[in-house]
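**Student:** Quick one: the structure is below, and I'll ask about it shortly.
The values are calculated or read from the model by the stated rules, or taken from the named source; none is laboratory data. Fair warning: this is a prediction, and the values are worked out from it, not measured in the lab. Positions of Cβ are generated from backbone atoms using ideal geometry, with glycine treated the same way; all protein chains shown enter the neighbour counts. Remember, those area values only see protein heavy atoms, side chains included, never the ligands or the DNA or RNA. Shrake-Rupley method; radii C 1.70, N 1.55, O 1.52, S 1.80 Å.
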There are 2 protein chains.
Amino acid sequence: MADSNLPSDADLRAEYSETERQIFDAALRVFARKGRAGARMQEIADAADINKAMLHYYFRNKETLYGEVFAFTMRRFMASFGASLKEAPTFAETLRVFIDGYVEFVRTNQDAMRLMVNENLAGGTHLGEHLKRLKASGDAPPQIFVEKVEAAVASGEIRAVDPDHTLVSVISTCIFFFVMRPTVQTIHAEAASDWGEFVEARKEHLFDLLYHGLVPDADA
Amino acid sequence: MADSNLPSDADLRAEYSETERQIFDAALRVFARKGRAGARMQEIADAADINKAMLHYYFRNKETLYGEVFAFTMRRFMASFGASLKEAPTFAETLRVFIDGYVEFVRTNQDAMRLMVNENLAGGTHLGEHLKRLKASGDAPPQIFVEKVEAAVASGEIRAVDPDHTLVSVISTCIFFFVMRPTVQTIHAEAASDWGEFVEARKEHLFDLLYHGLVPDADA
DNA sequence: AATTGGTTTAACCGTTTGGTTGAACCTGCC
DNA sequence: GGCAGGTTCAACCAAACGGTTAAACCAATT
């Protein structure tokens with residue numbers, strides 16, 4: 001789970017002071033829950049337990065605050081579980097690690113996920129530069145996964161699927177049920193009564209469905 | 001594609017006047033693009049080409065306007081492509097119709113989709129009653145699909161998968177790439193240059209991946 | 001022609017919100 | 001002690017926003 005050769009959560013924020021970190025966490029929470037427009041500077045200040053003027057002292061205005069919070073969230077996404085993915089020996093293992101990695105990341109970073117989805121829903125103007133850096137780095141989970149799919153297709157370990165579409169499909173199934181959690185919980189009884197249990201069951205289901213969908217038939 | 005025994009888009013709004021329909025469309029657009037908090041009454045009025053006071057004349061305030069727009073959007077979701085799904089003879093056909101139905105619905109109702117996702121992201125307090133009615137009606141695509149999955153499992157046409165999880169997985173893959181469109185288009189070259197083509201390719205990929213994932217191995 | 005009831009408009013109002021100001025307050029340093 | 005730089009705060013401000021008002025308009029009805 002821990003990637004010792006990648007920056008940890010704390011490292012990523014090393015450049016920030018204690019007060020700035022407080023503001024950061026508060027801002028992420030409020031932006032994620034209320035949306036970019038719905039977030040109130042006063043509420044962020046309250047949540048960070050500081051005066052409202054301090055917000056504008058540390059971050060000039062709402063836009064730059066949002067920009068920095070978003071940038072940090074993006075960096076956090078990139079830094080997650082890349083290494084363990086590379087080391088996976090078989091494609092089955094790759095798929096397991098990828099599913100587990102994404103589901104666990106979203107489970108423990110729901111606010112980050114909400115921020116990301118909100119940004120996309122609003123047009124995603126802040127995404128550009130970050131995604132390009134992600135693409136350039138070559139170390140992010142999505143890229144590694146695509147490479148692994150390509151290799152597995154070449155070796156015949158899985159069928160001749162489109163790697164990019166496969167990536168989108170797998171990520172979708174790992175994240176979307178968190179996005180639609182209220183709907184899922186209204187329709188699905190078990191999800192409502194024990195979400196943790198539901199998430200675990202879902203990881204099993206996903207591996208089963210997707211692995212079976214990717215692997216060739218036993219014989220013919 | 002057309003379900004003659006279900007209310008059409010026009011029917012659903014028959015109770016509304018011309019002006020109200022204008023307001024409706026404008027409100028949906030603005031709420032979907034700017035979010036519930038980010039939407040401005042003035043902007044909705046401008047988009048509907050009426051005076052701002054008219055908004056408050058027809059819909060008492062922002063909350064009731066949002067509530068009505070959301071309720072209408074919900075009804076539209078329920079009324080889509082249920083019948084053709086029931087008539088599908090094989091499970092393969094069921095899956096094809098379901099994928100095609102959902103993808104096409106979201107493609108042609110992106111604002112409705114955005115509204116729905118936004119509502120879920122914000123906690124989904126408006127969902128309750130509507131989803132219960134959907135559950136009670138028994139005619140909505142998700143329920144029909146679950147029944148078809150159960151039947152196909154029983155007949156051995158597909159493997160012993162969990163029908164509810166399968167439903168969530170299929171819907172996720174049909175919708176999430178629309179939600180994350182800006183990200184997908186930044187990463188995927190073809191999606192950026194020709195989105196329509198990408199959507200078509202995606203439908204093919206999804207059927208292939210999911211059908212293969214659900215169906216038993218050819219032999220053993 | 002006068003009345004009625006729904007519709008439309010410009011001007012207005014009170015509150016909320018993002019952002020500013022200027023003074024007070026530390027803390028380390030000479 | 002006294003200065004200097006960064007930090008904290010209550011009070012303040014202008015703009016934006018949701019919502020209201022009162023008068024005007026217009027098509028039926030009598």
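**Student:** Tell me the mean residue ellipticity at 222 nm calculated for chain A from its helices only (DSSP H runs of n ≥ 4, each -39500 (n - 2.57), averaged over every residue, nearest 500).
**Tutor:** Numbers: 14 runs with 167 residues, N = 220.
So the calculated ellipticity at 222 nm is -23500 deg cm²/dmol.
**Student:** Mean-square fluctuation check for chain A, GNM, Cα pairs under 10 Å: which of A:R107, A:R181, A:R75 is largest?
**Tutor:** Answer for the Gaussian network model of chain A: A:R181.
**Student:** Please tell me the relative contact order of chain B in percent, rounded to the nearest whole number, where contacts are Cα pairs under 8 Å and at least six residues apart. The partial results should precede the final answer.
**Tutor:** Working: 175 pairs, mean separation 45.5, N = 220.
Here the relative contact order equals 21 percent.
**Student:** Can you list the copy-to-copy distances for B:Q42, using a point 7 angstrom from Cα toward Cβ, in nanometres, shortest first?
**Tutor:** 2.1
**Student:** Right, something else. With everything on Cα atoms, drop me the angle between helix B:91-108 and the longest principal axis of chain B, reported from 0 to 90° to the nearest 10.
**Tutor:** Around 20 degrees separate the two axes.
**Student:** From largest accessible area down, sort B:K52, B:K132, B:K148; use a 1.4 Å probe on the protein chains. Display every interim value, and only then the final one.
**Tutor:** Values: B:K52 90, B:K132 135, B:K148 45 Å².
Result of the area sort, largest leading: B:K132, B:K52, B:K148.
**Student:** Report, ordered by chain and residue number, the aspartates and glutamates lying within cross-link reach of A:K148, taken as a straight Cα distance under 18 Å and ignoring same-chain residues fewer than 8 apart.
**Tutor:** Of all the aspartates and glutamates, those that pass the test against A:K148 - Cα under 18 Å, at least 8 places apart if same chain - are A:E87, A:E93, A:D100, A:D139, A:E157, A:D162, A:D164.
**Student:** Towards the positive end of the charge dipole of segment A:80-220, with charges on Cβ (+1 Lys, Arg; -1 Asp, Glu), say which of A:Q110, A:T186, A:T94 has the farthest Cα.
**Tutor:** It is A:Q110, whose Cα lies furthest towards the positive end.
**Student:** Do any of A:K34/B:K34; A:K86/A:K135; A:K132/B:K203; B:K86/B:K135 go past 21 Å between their Cα atoms, and which? List each step's numbers first, then the result.
**Tutor:** On the way: A:K34/B:K34 12 Å; A:K86/A:K135 16 Å; A:K132/B:K203 27 Å; B:K86/B:K135 16 Å.
Distance filter (> 21 Å) returns A:K132/B:K203.
**Student:** Hey, another quick one. How far, in degrees from 0 to 90, does helix B:128-137 lean away from the longest principal axis of the Cα atoms of chain B, to the nearest 10?
**Tutor:** 50
**Student:** From largest accessible area down, sort A:E87, B:E119, A:E204, B:E157; use a 1.4 Å probe on the protein chains.
**Tutor:** On the way: A:E87 140, B:E119 5, A:E204 110, B:E157 70 Å².
Listed by decreasing accessible area, they come as A:E87, A:E204, B:E157, B:E119.
**Student:** OK, next. Treating the point 7 Å from Cα along Cα-beta-carbon as the label, what are the nm separations from A:F207 to the other copies, to one decimal?
**Tutor:** So the label point of A:F207 gives 3.1 nm to the other copies.
**Student:** Angle, helix A:62-78 long axis vs. longest principal axis of chain A, Cα atoms, 0 to 90°, nearest 10?
**Tutor:** The angle comes out at about 30 degrees.
**Student:** Here's another thing I want to ask about it. Please work out which residue of chain B brings its Cβ closest to the axis of the rotation superposing B onto A, and round that distance to whole Å.
**Tutor:** B:G213, 1
**Student:** Rolling a 1.4 angstrom probe over the protein chains, ignoring ligands and nucleic acids, what is the accessible area of A:M41 in square angstrom, nearest 10?
**Tutor:** Spelled out: A:M41, probe radius 1.4 Å, area about 30 Å².
**Student:** Sorted from shortest, what are the nm distances separating the label point of A:R107 from equivalent points in the other copies, each placed 7 Å from Cα along Cα to C-beta?
**Tutor:** Result, one decimal in nm: 3.6.
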